[in-house]
Structures are given as C-alpha cells and as structure tokens.
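For reference, the structure is listed below as structure tokens.
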Amino acid sequence: MRTPFICGNWKMYKTVSEAMAFLDAAKGLVGGVNDVDIGIGAPATALKSLADGAKGSNIMIGGENCHWENEGAFTGEISPQMLVEAGCKFVIIGHSERRRYFGETNETVNKKVKAALAAGLVVIMCCGETLAEREAGKTDAVVADHVKNGIAGLSMDEMAKVVIAYEPVWAIGTGKTATPEQAQDVHAVIRKLLAGMFGDAVAQTTRIQYGGSVKPENVREIMAKPDVDGALVGGASLKPDSFAKLVNFKA
Ligand code: PEP
C-alpha cells in the first residue's frame with residue numbers, strides 16, 4: 001500500500017513572509033488529513049522558518065535542489081546537511097528546470113541523490129521527456145535514461161526513501177496536462193524498470209508522482225490511475241486554497 005504524496009514545488013516564488021502566511025493558512029486547511037503525505041518544496045531562504053512553523057503539523061518542508069558535497073568552495077550552493085539542519089525532510093533533485101537552465105545531468109543528479117540520502121533526506125527524483133522527444137517516440141527511452149542513471153548504485157534500503165516524479169517537460173507550467181492514460185503508461189514503464197533494477201518488492205513500494213499542470217480540477221482523475229501515487233505541483237501549489245484542494249483530492 002503506497003501512501004499518496006502530494007507535494008508543492010514553489011520554484012522561485014515567495015519571500016519568507018509570503019511563505020509563512022501561506023503556511024498559517026494551509027495548516028488550518030489540511031490539518032485533518034492523515035492518509036496523504038503532504039510536502040512543500042520551497043526557496044532556500046524560507047526553509048528554516050517554514051520548517052519551524054510546520055513542526056507538529058502534517059506538512060513536510062523540503063529543498064528544491066542541493067549540492068552533492070556537505071561543504072566546500074561552491075559559491076551559491078546549499079548542501080544536504082544544511083537542508084537537514086534547517087528542518088527539511090526531503091529534497092527535489094533533477095527537476096527539468098535545473099537540467100535545462102543549470103546544466104544538471106544524470107551524473108550530477110545521481111551524485112546529489114546519493115548525498116541527500118546519506119544526509120537522511122527523502123529524495124524526489126524528477127524525470128521526463130520534452131515535447132520533441134515525445135513526438136519522436138522517445139518518451140520511454142528518455143525516462144528510462146533519467147531513472148536508471150539517476151538512481152544507479154542505490155541499495156534496496158536507500159530506495160525506501162526515494163520518490164520518482166514523472167514530469168513531462170511539455171506539461172510543466174504550460175497548462176497542458178498529460179492525460180491520465182499518458183501518465184499511467186509512463187508510470188507503468190517506470191515501475192517495470194524499478195522491478196528490473198531492484199526487484200518486485202521495491203517496485204511495488206516506490207511512489208511515483210506525476211507532475212505537469214496538475215490542478216484541483218484534474219487531480220482526482222490523475223490520482224485514480226493505479227501507478228500514480230502522488231503529484232508534484234508548481235503553479236497550483238502557490239495558493240493555500242488550491243493546495244488544500246489538491247491534498248484533499250479524495251474528498
Ligand atoms: C513543477 O514545477 O514541478 C510543475 C509540475 O509545475 P506546474 O504544476 O506549474 O506545471
């Protein structure tokens with residue numbers, strides 16, 4: 001039985017005061033939910049305040065990226081250890097925006113995944129094809145490449161703290177959602193891949209989130225698919241009401 005995991009990805013939105021106002025409102029709106037894991041991936045500046053404010057609630061706070069070293073001469077970077085100390089429970093790694101704008105590769109993603117797990121964080125590892133890749137019939141191959149290389153070398157125990165987020169690049173922030181069937185097809189491919197890499201038990205317990213223009217109006221039908229275990233949500237996670245509706249997708 002996989003517990004659904006609904007997670008916001010705020011990207012580069014919200015100052016500390018905006019983040020705290022959101023948290024105050026959201027805590028009241030989702031406080032009664034106990035059968036869904038709830039996360040917010042937030043900008044680094046807001047993490048400590050958010051994590052302190054979320055203590056005792058059912059909301060986990062996480063980073064949107066981290067480095068693979070715990071300290072060093074890497075100007076502008078933030079380490080897994082720093083995220084942990086700030087109170088983070090998870091980190092998003094390999095988001096397509098990081099791959100596209102910041103040169104992230106399968107190799108750096110793999111190093112970051114390993115470092116974050118070693119620091120005790122849950123990892124949300126993102127994968128997904130561009131529109132050109134989908135149109136060229138390469139979706140499964142691209143996703144397999146991201147997944148295989150991103151989690152290469154992990155142990156079965158480490159996999160217990162890994163969540164895979166399938167995020168077709170063409171659906172992120174565009175308003176174009178993959179149909180529930182398109183999402184299910186790729187999620188099934190990923191689960192099969194996990195079975196090949198780690199065995200059936202790991203494949204059956206690993207959560208696979210869908211991300212790409214998920215909103216209150218479509219979350220229910222996407223979550224109804226058997227291999228969709230959660231959602232990673234950008235735009236629709238920025239307002240407490242909308243976020244609460246996503247979390248309450250069963251209602
Ligand atoms: C994301 O940022 O991971 C995302 C899926 O964004 P959006 O929900 O806005 O498409």
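Just a few scattered comments:
- Largest to smallest accessible area among 100, 134 [probe 1.4 Å]: 100, 134
- Residue 149 paired with residue 2, simple spin-label distance in nm, labels 7 Å along Cα-to-beta-carbon: 2.4
- Two-site label geometry, residue 250 and residue 217: point separation in nm, points 7 Å out along Cα→Cβ: 2.6
- Result for the chain in a Gaussian network model with C-alpha springs under 10 Å: among 136, 51, 116, the largest mean-square fluctuation is at 136.
- DSSP bridge pairs, the chain: antiparallel proportion in percent, nearest 5: 0
- Label zone at residue 161, where the point sits 7 Å out along the Cα-to-Cβ direction: the stretch 90-114 residues whose backbone N lies under 16 Å: 90-93, 110-114
- The stretch 1-121 pair-distance distribution - Cα-Cα, 5 Å bins, rounded %: 2, 11, 21, 23, 20, 13, 7, 3, 0
- This model, with +1 at the C-beta of Lys and Arg and -1 at the C-beta of Asp and Glu, gives the chain a dipole about its Cα centre of some 300 debye.
- Kirkwood hydrodynamic radius over Cα pairs of the chain, then Stokes diffusion coefficient at 4 °C and 1.567 mPa s, in µm²/s: 72
- The stretch 1-130 - accessible surface per residue (Å², probe 1.4 Å): 45
- Set of lysines near residue 138 by C-alpha distance (under 16 Å), chain-local residues within fewer than 8 positions excluded: 148
- For residue 233, distant residues with modelled amide H under 5 Å away: 7, 8, 9
- Net charge of the neighbourhood of residue 29, taken over other residues with C-beta under 14 Å away and scored Lys/Arg +1, Asp/Glu -1, is +1.
- Sum of side-chain charges, residue 104 neighbourhood, beta-carbon under 14 Å (Lys, Arg +1; Asp, Glu -1): -1
- Taking every alpha-carbon pair under 8 Å whose residues sit at least 6 apart, the stretch 135-251 reaches a relative contact order of 27 percent.
- The phi-based Karplus calculation (6.51 cos²θ - 1.76 cosθ + 1.60; θ = phi - 60°) puts the 3J(HN,Hα) values of the stretch 45-55 at 5, 9, 4, 5, 5, 4, 5, 5, x, 8, 4 Hz, whole numbers, x for Gly and Pro.
- Prolate/oblate/rounded label for the stretch 157-243 (Cα gyration tensor, a/c 1.5): prolate
- Dipole of the stretch 103-151, positive direction: furthest Cα of 132, 146, 122, with charges on the beta-carbon: 122
- When the listed pairs 14/161; 89/225; 11/250; 161/225; 27/239; 111/161 are checked against a 19 Å cut-off, the alpha-carbon distance exceeds it for 14/161; 89/225; 11/250; 161/225.
- Within-13-Å neighbourhood charge of residue 147 [Cβ basis; K, R +1; D, E -1]: -1
- When you restrict to C-alpha pairs under 8 Å that are six or more residues apart and normalise by the size of the chain, the relative contact order lands at 21 percent.
The values are calculated or read from the model by the stated rules, or taken from the named source; none is laboratory data. Because the structure is a prediction, the values reported are computed rather than measured. Cβ sites come from the backbone with ideal geometry, for glycine too, and all protein chains shown count toward neighbours. Accessible surface is based on the protein model in full, side chains and every heavy atom, while ligands, DNA and RNA are left aside. Shrake-Rupley method; radii C 1.70, N 1.55, O 1.52, S 1.80 Å.
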